[in-house]
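Notes follow the structure.
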Amino acid sequence: MTAYEILKQYFGYDKFRSGQAELISHILQGQDVFGIMPTGAGKSLCYQIPALMMNGLTIVISPLISLMQDQVAALRTNGIPAACLNSMLNETEYKSVLRQVYRGELKILYVAPERLETSSMLKIAETVPVSMVTVDEVHCVSQWGQDFRPSYLNIISFLKALPYRPVLSVFTATATQEVAQDVRNILQLKNPFCLTTGFNRENLYFGVAQPRDKSEALLEFLRHHPDETGIIYCISRRLVEQVTEDLNDAGFPAVRYHAGLTDQERYRNQNDFLYDKVRLIVATNAFGMGIDKSDVSFVIHYNMPKNLENYYQEAGRAGRDGSPANCILFYDGSDLRINQFFINNFGENQEMDPKLKQKLRAKEMQRLRTIQNYCTGRSCLRNYLLNYFGDTAPEYCGNCSFCRIYCEQKEITVPTQKIISCIYYLHQKNLYFDSKSLVQILRGSKAKKYQDLQLEQILPTYGIMNDTPEKECLAMIRYLIQNGILTEKNQELHLNRKAGLFLKEQQKIFMPVRKALPSAESAHTGRKKTVSDTDEILFSLLKDCRQKLSQKEHVPAYVIFTDMTLRDMCRKLPVSDMAFLSVEGVGRVKLEKYGDAFMKVIRSYQK
Ligand code: ADP
Ligand code: MG
């Protein structure tokens, strides 16, 4: 089977998302890969698909024990032979997994990093053909990463224990240049194919608010967003307790999660959340590494976290299925002091070289300043985040609290037509320029190089925008580049297919620009979900059906089908196997397992 056929048959998706196909094909050619893709981008498929296509076993190292089970459950519901080895298994289960490994029955084995040093893993390394080792959340290997895990260093000795070096594929959602370099060195990636898809998550709305009363602001938000699933992060256990109580008192059922609870309660609360028994979870940052629940509609930070890496990762747990979602941060000055306190006391009880300790603390302080600027700065939040992670981004995104208050949408249809036709005429004359020069031409510059070319005489669009300030012209061109209408390569502007369509179909185009006067509109209630075209009644019937199956099979609801898939069912109303297969997220195995149950619901609804 080809990668594409596997995508369709096992996972039920029609096309690869950005970056997936490239990563898969490099892995299949035997090259190491390093994928840096935001949460929700679909990193798992990048190693799961090649794992199915290669001969031997793929070992996946992932830091989250509790959620490995869900990953494996998700694979198994898609008919893929996978299992995990971690400390939650009892001896019989453990042995049964080992037996499957030795019989060659498994394609994918998830392993916690702590397990790598055990004799059973070393024996596997020696005797079982391993075609690939995958490291998820690979930033954990670097001391300069935001959550360094010493057990990740076991990976190196494990790789050395293998009789030959398999393909190494590593993934993370957040890595600064420095961390990425560190990862490459530590794991000794061999000439890896590196891919960064960019960090932008278009469907997320980012907001910062400084409410006088955080508790009231939270309730206000919840009143605006009833029935939505969300995570509320607090900085301390004490605060988790308090906020959970407040919510329950106010009639918003919520569960708590922090490291001070018994294992039992933590596990129960997490599962209630994952299995949709409760919509709200209030947690410290102990919750969530690898939370793959795909229908989280909002993530609220009740306090400023200690750095932007953590923030982006935690906030990124919203909207994994691509639906619009809100990420809101409540900030006040005391958050800063608490974080400073944590940093100053960091490593107090740890044996550590004092110089290193000092260095790490200084690094954390610097990170803290960056997130503080995010909270108090006066610029587009998305722009700030993306720049921090090394992406280019427009000055205004139109979808964050800053842009919502300070920006408006300005129509730029006519100037866009002028820009496109100017480039078109220049190309006709075999002339290619970069953005800066194009602006000069559009504004009728008298510079010698244009006079020598006699542009004023031969070009009907010469000076056609002489009434628009240079900065504005440039901003528009940049915006058109970001929207895929133009491309700038080797300092030359080119027209894309979209440019032709734009003219032909007489489309309108709007660009967010700074408003003259700020309005007092409140920013922290987030963005209302756009009214969907989903039939809400059928949607809730399908959700009930999913809920029943999820309880019967003891897997989280989203492992059966995500909300996206249920919505697609509402649109397509499939009542035959063929039609059901065309629903996004339905592969062969899921059709066989669940098709009848869901089609029954649809049929009886239609009657
Ligand atoms: P990541 O690990 O990058 O945070 P996941 O691998 O958990 O993201 O994928 C997030 C969601 O996107 C999952 O529900 C997954 O099934 C879905 N997904 C992944 N690839 C595709 C695709 N090509 N088309 C549609 N959905 C996809
Ligand atoms: Mg992942």
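Quick look at the numbers
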| item | result |
| --- | --- |
| Relative frequency of Cα-Cα separations exceeding 38 Å in the chain, percent | 40 |
| Cα centroid of region 356-433 to Cα centroid of region 121-196, whole Å | 32 |
| Within the accessible area of the chain (1.4 Å probe), percent carbon and sulfur | 49 |
| Between helix 333-344 and the chain: long-axis angle, C-alpha atoms, 0 to 90°, nearest 10 | 60 |
| Value of relative contact order over region 96-164, rounded to a whole percent, pairs C-alpha under 8 Å and six or more apart | 35 |
| Cleavage-rule hits, trypsin sites (Lys or Arg not before Pro), region 64-155, DSSP coil, Cβ neighbours within 10 Å at most 14 | Arg103 |
| Those lysines that a straight Cα-Cα span of less than 25 Å connects to Lys448, excepting residues fewer than 8 apart in one chain | Lys418, Lys429, Lys436, Lys471, Lys489 |
| Accessible area (Å², 1.4 Å probe, nearest 10) - Asp353 | 90 |
| Taking only Cα atoms of region 331-423, radius of gyration then Dmax in Å | 20.5, 67 |
| Relative intensity, log₁₀ I(q)/I(0), of region 536-606 from a Debye sum that treats every alpha carbon as a point, q = 0.18, 0.22, 0.26 Å⁻¹ | -0.58, -0.90, -1.31 |
| Whole-Å distance, taken between Cα centres, linking region 1-80 and region 250-300 | 26 |
| Two-decimal ratio, region 407-516, of alpha-carbon radius of gyration to 2.2 N^0.38 Å | 1.03 |
| Gyration tensor (alpha-carbon) shape descriptor, region 199-300, a/c threshold 1.5 | rounded |
| In Å², nearest 10: area of Phe148 left accessible to a 1.4 Å probe | 70 |
| Within region 536-606: Cβ-based charge dipole about Cα centre, in debye rounded to nearest 20 (Lys, Arg +1; Asp, Glu -1) | 80 |
| Global form of region 204-396, assessed from the alpha-carbon gyration tensor, a/c cut-off 1.5 | oblate |
| On Cα atoms only, tilt of 588-606 relative to the major axis of the chain in degrees | 70 |
| Heavy-atom accessible area per residue - the chain, 1.4 Å, Å² | 46 |
| Set of aspartates and glutamates with alpha-carbon distance to Lys357 below 16 Å, sequence-local pairs under 8 removed | Asp147, Glu348 |
| Full-extension gain in nm, Lys355 to Ile537, via 0.36 nm per residue minus C-alpha separation | 59.3 nm |
| DSSP beta bridge pairing in the chain, given as percent antiparallel to the nearest 5 | 15 |
| Mean separation of Cα contacts under 8 Å (6+ apart) over length of region 204-396, as relative contact order % | 24 |
| Whole-Hz ³J(HN,Hα) from phi, Karplus 6.51 cos²θ - 1.76 cosθ + 1.60, for region 373-380, glycine and proline x | 4, 4, 6, 10, x, 10, 8, 4 |
| Whole-number percent relative contact order across the chain, with pairs defined as alpha carbons under 8 Å at least 6 apart | 15 |
| Over the chain: helical MRE at 222 nm, DSSP H runs n ≥ 4 each giving -39500 (n - 2.57), nearest 500 | -13500 deg cm²/dmol |
| Semi-axes of the equivalent ellipsoid for region 3-196, Cα gyration tensor, largest first, Å | 23, 21, 16 |
| Per-residue SASA entry for Met1, accessible area with 1.4 Å probe, Å² rounded to 10 | 120 |
| 18 Å Cα-Cα threshold exceeded, pairs from Lys548/Lys590; Lys95/Lys293; Lys95/Lys590; Lys543/Lys590; Lys8/Lys293 | Lys95/Lys293; Lys95/Lys590; Lys8/Lys293 |
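The values are calculated or read from the model by the stated rules, or taken from the named source; none is laboratory data. Being a predicted model, the structure only gives us computed values, none of them experimental. Heads up, the Cβs are rebuilt from the backbone with ideal geometry, glycines too, and the neighbour counts pull from every protein chain shown. Side chains are part of the model used for accessible areas, which takes the heavy atoms of the whole protein and leaves out ligands, DNA and RNA. Shrake-Rupley method; radii C 1.70, N 1.55, O 1.52, S 1.80 Å.
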